[in-house]
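Throughout, read-outs are computed from the coordinates displayed, never taken from laboratory work. Because the structure is a prediction, the values reported are computed rather than measured. Every residue, glycine among them, receives a Cβ derived from its backbone with ideal geometry; neighbour counts consider all protein chains shown.
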Amino acid sequence: MKLSWYRVSLQTRMPFVISRWGYPGHENVIVSITDDGVTGMGEAAPNRYYRESPESVIAALEVYQPLIEKAQYWSLEAIDLMLTGALAGNASARAAVSSALHDLFARKLSVPLYRMWGLSPECTPLTSFTIAIDDVEGLKRRVADAAEYPVLKIKLGTDRDDEIVRTVREAAPDKTLRVDANAAWTPVEAVERAAMLRDNAVESLEQPVAASDVEGMRFVRERCGMPVIADESCLVSRDIPRLAGSCDAVNIKLAKCGSLREAIRMIHTARAHDMKVMAGCMIETSLGISAIAQLAPLLDAADLDGAALLADDPFTGVTIHGGRVALQDAPGLGVTRRPPA
Ligand SMILES: [Mg+2]
């Protein structure tokens, strides 16, 4: 097999600001793996919070390259183990390789990846659309921009969280609202804000407290009166048993867990602990979204708006219709490169 990559610059249509950062430009790395004339693709969406960058992704790919060249495309489990053993961390780089290998394997069989896994494309969940931090007028514009989506996920963790939630609720009186504090609150602050969230009929609360504060999350869950979802606290399946009782659901992302196979393990581990499962994304193109979306029939909820937030998506793949994830009836991840405008 031959492994190659290139960097891709992405701009969001509107600035994407959350509690710990905000910047207009994002840079991801697109990975291709070719075997006997068939090519699979994957995307690395490195995140500074997890100490990754386009440079760290490429450094990891340089380590993986000779290993992939010697491997068989169908040996997905063995390759996962080999890459984890070769280098600690680097989840987004490994996820790109994993996605490309799964794409390649399913393309060789001429079936969509979800079908290779025995999943039915009719059973996909609704996906939320993210309302990033903004001023009042900006929030209204974002809600109008999300007209197609019945579920909105509001980013919080500012000194004006009340105003943000009230503004979105007034602009979207009938939509399902979820909030994501991105680890910005103390447990006591989270419980204090929960009353305001309940007054605005918020459905669920994602990552209210610091990633390592599992007991704080339990404290919030017992007092906030709504389901709590772990995101930054839950990177891989090993994290799930210790979160049992502290949250109601986990948010799976390829850029955190490092492979499609680990994402599947997370789904089963969460179910075994009686938790619900959602999957999310970083700012990424339809290539990255189409990889995680292959698991959509196994999810309770999705937050797969990463490509919908982009000004210019270089790929076509999974789409969103009426807020629902729509899987393609096409081989592999069902992704094609968009011709340059
Ligand atoms: Mg989150």
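Using only alpha carbons, build the gyration tensor for the chain and give me the equivalent ellipsoid semi-axes, biggest first, whole Å.
Numbers: eigenvalues 213, 92, 67 Å².
Its equivalent ellipsoid spans semi-axes of 33, 21, 18 Å.
Bridges between two residues of the chain, per DSSP, are antiparallel at a rate of about 50%. Calculate how steeply helix 91-108 sits against the longest principal axis of the alpha-carbon atoms of the chain, using the helix alpha-carbon long axis, and give the answer as 0 to 90 degrees to the nearest 10. Tilt relative to the chain: about 60 degrees. Note on segment 234-341: Rg/Rh from C-alpha atoms, Kirkwood Rh, equals 1.01. Rounded to the nearest 10 degrees, the angle from helix 54-70 to the longest Cα principal axis of the chain is 40 degrees. For VAL325, the residues whose amide H sits under 5 Å from its own are THR127, ignoring neighbours fewer than 5 places away on the same chain, with H placed 1.01 Å from N.
Inter-part distance, segment 313-330 to segment 22-64, computed on C-alpha centroids, equals 21 Å.
With respect to the chain, whose longest principal axis is taken over its alpha-carbon atoms, helix 136-145 is tilted by about 50°. Beta bridges per DSSP, both residues in segment 2-111: antiparallel share near 100 percent. By the count of other C-beta atoms within 10 Å, a proxy for reagent exposure, GLU77, GLU192, GLU203 are ordered fewest to most as GLU77, GLU192, GLU203.
Rounded to the nearest 5, the antiparallel percentage of DSSP beta bridges internal to segment 218-341 is 35%. In order along segment 321-337, phi translates into HN-Hα couplings of 10, x, x, 9, 5, 10, 7, 8, 8, 9, x, x, 7, x, 9, 10, 6 Hz, rounded to whole numbers, per the Karplus curve 6.51 cos²θ - 1.76 cosθ + 1.60 with θ = phi - 60° and x for Gly and Pro. Under 5 Å from the amide H of GLY332 lie the amide H atoms of ARG107, VAL111, LEU113, each residue being 5 or more positions distant or on a separate chain, with H modelled from the backbone and absent for Pro and chain starts. Using all pairs of distinct alpha-carbon atoms, the Kirkwood hydrodynamic radius of segment 32-180 works out to 18.5 angstrom.
If each DSSP helix of 4+ residues adds -39,500 (n - 2.57) and the sum is divided by the residues in the chain, what number results at 222 nm, nearest 500 deg cm²/dmol?
Numbers: 12 runs with 124 residues, N = 341.
Mean residue ellipticity, 222 nm, calculated: -11000 deg cm²/dmol.
Applying a threshold of 25 Å to the alpha-carbon distances of LYS70/LYS253; LYS153/LYS276; LYS108/LYS276; LYS155/LYS253; LYS175/LYS256; LYS140/LYS175 flags LYS70/LYS253; LYS108/LYS276; LYS175/LYS256 as lying beyond it. In order along segment 224-240, the phi-based Karplus estimate (6.51 cos²θ - 1.76 cosθ + 1.60, θ = phi - 60°) of 3J(HN,Hα) comes to 8, x, 8, x, 10, 10, 8, 10, 4, 6, 10, 9, 9, 4, 4, 6, 6 Hz; Gly and Pro are listed as x. Under the convention that each Lys and Arg Cβ holds +1 and each Asp and Glu Cβ holds -1, the size of the dipole of segment 196-315 around its Cα centre is about 520 debye.
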